[in-house]
Amino acid sequence: MLPTIDGVSPSCVALPHGPWMTMLDFLAERIPAVPREDWARRMSQGEVVDAQGQPIAPQAPFRAHTKLYYWRSLPFEHKVPFDEAVVFQDDYLVVAYKPHFLPVTPKGRYLQETLLVRLKRKLGIDTLVPMHRIDRETAGLVAFTIQPHTRNAYQSLFRDKAITKTYEAIAPLNPAVSLPLRYQSRLEESERFMAMHEVEGPANADTHIELIESASGFGRFRLSPITGQKHQLRAHMSALGMPILGDQIYPELLPALPPEVAPDFSQPLQLLAQALSFVDPVTGSTRQFHCGRSLDLQAAIKASAPQPR
């Protein structure tokens, strides 16, 4: 197993049959997001290796049906000014609190500023793999496996819907909606980038919704998803006329910020993955985890109010 570097595991690229003369020719054409001169520099510094961890020189002849490994790097990332926290750790699991704005895993413009890389650096556990994901905009609990041989057993809990999850959300009240409510609909990908929408057909998304407290036309809700469709809670609350405060996708997809512009960290999505529980498939014990946090209704109302000009 190749090591992590500063918490980042190596990426792998398989080499197909093709016309390339050198390994550098292949990388420059197949991964053009990295300029050719940068690939040459990284290869000269030993940052591209084969499966045995041996450095591959830029002029090395292309060899089809092999694999190359490299460690991603980004020229710049916006620092997420909130800290993660380890809620639980044993020989099999790490359960951590993820703050708003922090992705779970590296992707696109996010690398060091991800929960997985932060935890690998903090804990020194290279084998960490998330059991599941929550949205970058959502705060709350994420569980990770440690032992590769138990990974499938834990991840199957989510595939088999054997996990009980509890969320909190803050959203405007809709007097026409009677609570508590079990809301079911069919969600599918829409033509809008990233967004889900409701369509006709058998329900595939099922959410229990309760009102915990209310003030000034807003409520703090307890959301218990019975299924796990993409954006299920956000799409369901929006469909009920109660879009979650701070949502940049529902009911309206707002323009994405340019990469050089940091998000407004004072306006997080008011959605918190608060608790997880399940029967451990390895130990047989009942696991119950709580993030130890709750959303602040009054603070969210104040932050969402239009500011005087």
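Observations, loosely collected:
- The simple spin-label model puts a point 7 Å past each Cα toward its Cβ; for Ala57 and His149 those points are separated by 4.2 nm.
- Long-range amide H partners of Gln59 with built H, under 5 Å: none
- Legend: residue pairs Lys79/Lys165; Lys107/Lys161; Lys120/Lys302; Lys67/Lys161, Cα-Cα distance threshold 31 Å; pairs beyond threshold, Lys120/Lys302; Lys67/Lys161.
- Directionally averaged shadow of the stretch 71-210, computed from the convex hull of its alpha-carbon atoms, nm²: 11.5 nm²
- Theoretical ellipticity at 222 nm over the chain - DSSP helices of four or more residues, -39500 (n - 2.57) apiece, nearest 500: -4500 deg cm²/dmol
- Using every pair of distinct Cα positions in the stretch 168-248, the Kirkwood expression returns a hydrodynamic radius of 12.9 angstrom.
- Mean Cβ count within 10 Å, highest first, over the residues of peptides 247-260, 46-59, 84-97: 84-97, 46-59, 247-260
- Residue exposure sequence - Met194, Met23 - by fewest surrounding Cβ within 10 Å: Met194, Met23
- Binning all Cα-Cα separations of the stretch 85-304 at 5 Å, short to long from zero, yields these whole-percent fractions: 1, 6, 14, 18, 19, 17, 13, 8, 3, 1, 0.
- Evaluated over the stretch 166-212, the Cα radius of gyration and Dmax, each in Å: 12.7, 34
- Look at where the Cα atoms of the stretch 89-118 and of the stretch 236-254 average out, and the two centres are 25 Å apart.
Taken together, the values in this text are just the output of simple stated rules run on the coordinates, not laboratory data. Just so it is clear, the structure is predicted and the values come from calculations on it, not from any experiment. All Cβ positions, glycine included, derive from the backbone under ideal geometry; neighbour counts span all protein chains shown.
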